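Chemist: One structure follows; several queries about it will come next.
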Amino acid sequence: MNAREKQLIEGIIHHETEKEKKIRDRCLRLLLRGEIEEVIDDKHIIRCENNPYFVAIQNAVRDCFLGDLYKGRFTEIYNVFASLFIAEQVLVNTNPKKLREIDNLEKYLYSTVWNFCNKNRKKICEELGIELGYFYEAYDDNSKVDDEDNNKLSDEFVKESDTAGWASSFVGSLIDKISNTYYRELIYAIFIEDVPVDTMAEEKGKTVDDIYRDFNRAWNKLLQVALPEIRIRCKSLFKKYESELSDEQACLLNEFFFNGKDFSTIAHSLGMKQDNLENAVVKAHKVLVKIAKREAELDEKEKRKEAREQRRIEKEEADRKKKQKRVMNERNNQFSNSEVIENS
């Protein structure tokens, strides 16, 4: 490995402090998204470049998903892959010694990503609504790339969040895309570092209500930059609870999830500015998540009720059997006593 590659690997390996975690996230975004963060006039600017590592990863995903079944869907497939790869922290959980021994980083990334995609093909296709059927045998033979640098994936993956809260599993990679420095600071402090709201209010010279209002606006901006991921990851959530939405919200989200066109094109067709469209989608999505959370809580409440009823039935059955056994013992004792009296 050259000096830059060693720096990338060390950035991924060291992730104990908050500063190291931010460096790790930047390294992963460079590898998986080709993103480079620059500071120009005190502003954080993110630009993308097709560096050789990003290209190697893209090639691995593209080569793993060949054929008519995936034709024209590479961007969607890659986005789902990247989300899973980050959520499961494949590189982060790899033995540091193994990472430091890599000779050819591009070759290593290709084989690691190819194996990961092959192993998670069904999961990726499910996220995209691709029905594999008998194609699964034809397209996924569970073979692996033969490479001495091939990574043995860790079994201790970070469990993915529930559908409604999936973004929390890699929110750190999204925060830096927010252009407003204050909003980024608020989310890092309150959501990532658990800084109390009253502490933030005192530090910023604002009221607690001000901080809550600002954080809500910041969170809306976070959801706005996460819309490409939401578009992929939350289709099933929309299908499940579409009937619970208002007609306006349902129509808007249906256009968002299933139109297949970019935001600017959709906005133009609806006679809206793109930023206004994105804000409207964020609001509708928040309603969708709120409905999903409410339904999940009702389902959980119903399950607890059913569990209590089942325990009650089991207790009554146990008491019945216990009583039945006691009656039988009493009858047996009476019968034994009668025999003793007769014999005497």
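Quick grid of which residues meet (1) over 30 Å from Lys239 (Cβ atoms); (2) in contact with a Pro (Cβ under 7 Å, 6 or more places away or on another chain); (3) at pLDDT below 90; (4) open to solvent by 90 Å² or more (accessible area, probe 1.4 Å):
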{"residue": "Val282", "(1), (2), (3), (4)": "no, no, no, no"}
{"residue": "Ala292", "(1), (2), (3), (4)": "no, no, yes, no"}
{"residue": "Glu295", "(1), (2), (3), (4)": "no, no, yes, no"}
{"residue": "Arg326", "(1), (2), (3), (4)": "yes, no, yes, yes"}
{"residue": "Ile341", "(1), (2), (3), (4)": "yes, no, yes, yes"}
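Chemist: Another question about this same structure. Filter the range 56-84 down to residues that are without any contact (Cβ under 8 Å) to a residue 40 or more places away in the chain and assigned to a helix (DSSP H, G or I) and give me whichever is most open to solvent (accessible area, probe 1.4 Å).
Modeler: So, considering only residues that are without any contact (Cβ under 8 Å) to a residue 40 or more places away in the chain and assigned to a helix (DSSP H, G or I), the one most open to solvent (accessible area, probe 1.4 Å) is Asp68.
Chemist: Of everything in the range 249-265, what is touching a residue at least 24 places away in the same chain (Cβ under 8 Å) and out of contact with any Asp or Glu (no Cβ under 7 Å at 6 or more places or on another chain)? Give them in sequence order. Give the derivation first.
Modeler: First, pick out the residues of the range 249-265 that are touching a residue at least 24 places away in the same chain (Cβ under 8 Å): 249, 252-253, 256-257, 263.
Hits for the range 249-265 are Gln249, Leu252, Leu253, Phe256, Phe257.
Chemist: Just give me the residues in the range 85-121 being hydroxyl-bearing (Ser, Thr, Tyr) and outside any loop (DSSP other than H, G, I, E, B), in sequence order.
Modeler: Tyr108, Tyr110, Ser111, Thr112
Chemist: Is it fair to say Met272 is free of Cβ contacts under 8 Å to residues at least 24 places away in the same chain, in a helix (DSSP H, G or I) and over 30 Å from Lys123 (Cβ atoms)?
Modeler: No.
Chemist: If we keep just the residues of the range 56-72 that are over 28 Å from Leu105 (Cβ atoms) and charged (D, E, K, R), which is modelled with the lowest pLDDT?
Modeler: Asp68
Chemist: If you scan the range 201-213, which residues turn out to be part of a helix (DSSP H, G or I) and over 21 Å from Ala280 (Cβ atoms)?
Modeler: Of everything in the range 201-213, those that are part of a helix (DSSP H, G or I) and over 21 Å from Ala280 (Cβ atoms) turn out to be Ala201, Glu202, Glu203, Lys204, Val208, Asp209, Asp210, Ile211, Tyr212.
Chemist: Name every residue in the range 207-233 that is of a type in the set (Val, Ile, Thr), in contact (Cβ under 8 Å) with a residue 40 or more places away in the chain and open to solvent by 20 Å² or more (accessible area, probe 1.4 Å), in order of residue number. Before you say what the answer is, go through the steps one by one.
Modeler: Within the range 207-233, the first condition is being of a type in the set (Val, Ile, Thr), and the residues that meet it are 207-208, 211, 225, 230, 232.
Within this subset, residues satisfying the condition of being in contact (Cβ under 8 Å) with a residue 40 or more places away in the chain are 225, 230, 232.
Result: Val225, single match.
Chemist: State whether one or more residues within the range 242-261 are outside any helix (DSSP H, G or I) and surrounded by fewer than 10 Cβ atoms within 10 Å (Cβ to Cβ).
Modeler: No, that holds for no residue.
The values are calculated or read from the model by the stated rules, or taken from the named source; none is laboratory data. From a predicted model like this one, the values you see are computed outputs, not experimental measurements. Cβ sites come from the backbone with ideal geometry, for glycine too, and all protein chains shown count toward neighbours. Only protein heavy atoms, including side chains, enter the accessible area calculation; ligands, DNA and RNA are left aside. Shrake-Rupley method; radii C 1.70, N 1.55, O 1.52, S 1.80 Å.
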